[in-house]
Amino acid sequence: MLDFLQEEGIDPRVIQGIGEFRRRYAPSGDALSRPRYYYYGKKVWEQAAQALLAGENLLLAGAKATGKNVLAENLAAAFGRPVCNISLHINADATTMLGTDTFRDGEVTFRPGPVTEAAEGGGFCVLDEINMARNEALAVLHSVLDFRRSIRIPGYRQVGIHGAARFIATMNYGYAGTRELNEALSSRFMILTMPEIAGEDLSRMLQKEFPSLRPEYVRQFTALFLDIRDKCRSGELTEKVLDLRGLLGAVRMMAGGLAPIDALNMGITNKTPDTYEQSLVQDIISSRISGKTDRDKLFGDRG
Ligand SMILES: Nc1ncnc2c1ncn2[C@@H]1O[C@H](COP(=O)(O)OP(=O)(O)OP(=O)(O)O)[C@@H](O)[C@H]1O
Ligand SMILES: [Mg+2]
């Protein structure tokens, strides 16, 4: 992981800071695994890591598929901490986050929730889609997130927060059902606005993710995504079809042998229900990838 940061040209002071953090809080076994995907974007990496090194909590705000969860997992891996993930929703309450009493072997025992687990074990707690939860429910986090760094759990005990524990929240302004965070909560985070991926970062990601994908098609898929993004900016297409997750899934299906056009329709075109918009997207796709293109043309291995 630290090799990756070096390759990415991350500020040596940041890498050194992470190294010191890891010496201070020796990484626990399961935290040493490599993340499934790497996050590409030097500036975001540096800003996020600096915030955590300074002991701050981090709120990653941005559109869908801008890599918020990927970055959170990368940070945990770089800092050598286990991840406790919690997906928040409208009915989330204090017990969802902190834990609750359960029956085990005929006895009532406290089963810690993700927030308590991270707090006690020095994990990185990912509060996913934090703005899906009600502000009243999130109020229990105030003392966890500010200088008090402790939490009183009714019927359990006072839990102090481990020096290595950090809280990383994600939020998406666009999705239906989301709301704005109130000031009391947003004041307890450093907020990072997640940028759209840069063209060259996307190319590097495609190349790393699909090592046998021919450079010509790394270029074409990157350009395809940027074309769609431009058309969204100019209002010709909606954000529904701007889906990096969908593009990556489509390329993965192509690697498995699915015809590229079919894969791109499933991953991108069909994200809009509007048939007129679908036809616009299909035109952009066919200007980049011919209908005759098959797996062997795309990939330089045998499959
Ligand atoms: N800068 C980036 N570097 C690497 N991968 C990225 C980047 N931006 C997006 N991705 C890719 O986009 C996909 C979605 O990433 P992720 O799930 O982290 O997005 P998200 O921001 O959490 O989206 P959502 O708001 O929909 O939950 C992943 O496959 C990820 O690899
Ligand atoms: Mg996410």
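The values are calculated or read from the model by the stated rules, or taken from the named source; none is laboratory data. From a predicted model like this one, the values you see are computed outputs, not experimental measurements. Backbone-built Cβ (ideal geometry, glycine too); neighbour counts: all protein chains shown.
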Exercise. Select from the stretch 105-130 the residues that are within 16 Å of ligand 2 (Cβ to nearest atom) and out of contact with any Cys (no Cβ under 8 Å at 6 or more places or on another chain) and list them in ascending order.
Key: LEU127, ASP128, GLU129, ILE130
Quiz item: Residues in the stretch 142-163 that are touching a helix residue (DSSP H, G or I) at 6+ places or on another chain (Cβ under 7 Å) and crowded, with 21+ Cβ neighbours inside 10 Å: how many?
Solution: 3
Quiz item: Counting residues that are within 25 Å of PRO35 (Cβ to Cβ), among the small types (Gly, Ala, Ser) and free of Cβ contacts under 8 Å to residues at least 40 places away in the same chain, which helices (runs of 4 or more DSSP H) fully inside the stretch 203-303 reach at least 1?
Solution: 244-255, 260-267
Quiz item: Under the condition of being touching a strand residue (DSSP E or B) at 6+ places or on another chain (Cβ under 8 Å) and within 16 Å of ligand 2 (Cβ to nearest atom), which residue from the stretch 37-65 is farthest from ILE18 (Cα to Cα)?
Solution: GLY62
Exercise. Keeping to the stretch 147-177, report how many residues are over 17 Å from the mean Cα position of the chain (by Cα) and either more than 29 Å from THR102 (Cα to Cα) or not assigned by TED's automatic domain parsing to the domain that holds ASN135 (or both).
Key: 3
Quiz item: Quick check: anything in the stretch 12-34 under 19 Å from the mean Cα position of the chain (by Cα) and within 16 Å of ligand 1 (Cβ to nearest atom)?
Solution: yes
Exercise. Would you mind stating whether LEU185 is within 16 Å of ligand 2 (Cβ to nearest atom) and within 26 Å of GLY67 (Cβ to Cβ)?
Key: no
Quiz prompt | Matching residues, the stretch 1-56, being of a type in the set (A, V, I, L, M, F, W, C), farther than 30 Å from GLY199 by Cβ and at pLDDT 95 or above | solution = PHE21, ALA54
Practice problem: Report, by residue number, each residue of the stretch 1-45 that is among the β-branched types (Val, Ile, Thr) and either not assigned by TED's automatic domain parsing to the domain that holds PHE124 or not in a helix (DSSP H, G or I) (or both). | Solution: ILE10
Quiz item: Is it fair to say ALA72 is more than 12 Å from ligand 1 (Cβ to nearest atom) and either in contact (Cβ under 8 Å) with a residue 24 or more places away in the chain or not assigned by TED's automatic domain parsing to the domain that holds SER143 (or both)?
Solution: no
Quiz item: Within the stretch 250-291, how many residues turn out to be at pLDDT below 95 and of a type in the set (Asp, Glu)?
Solution: 0
Quiz item: Could you say whether any residue in the stretch 77-99 is more than 23 Å from the chain's Cα centre (by Cα), crowded, with 17+ Cβ neighbours inside 10 Å and not hydrophobic (A, V, I, L, M, F, W, C)?
Solution: yes
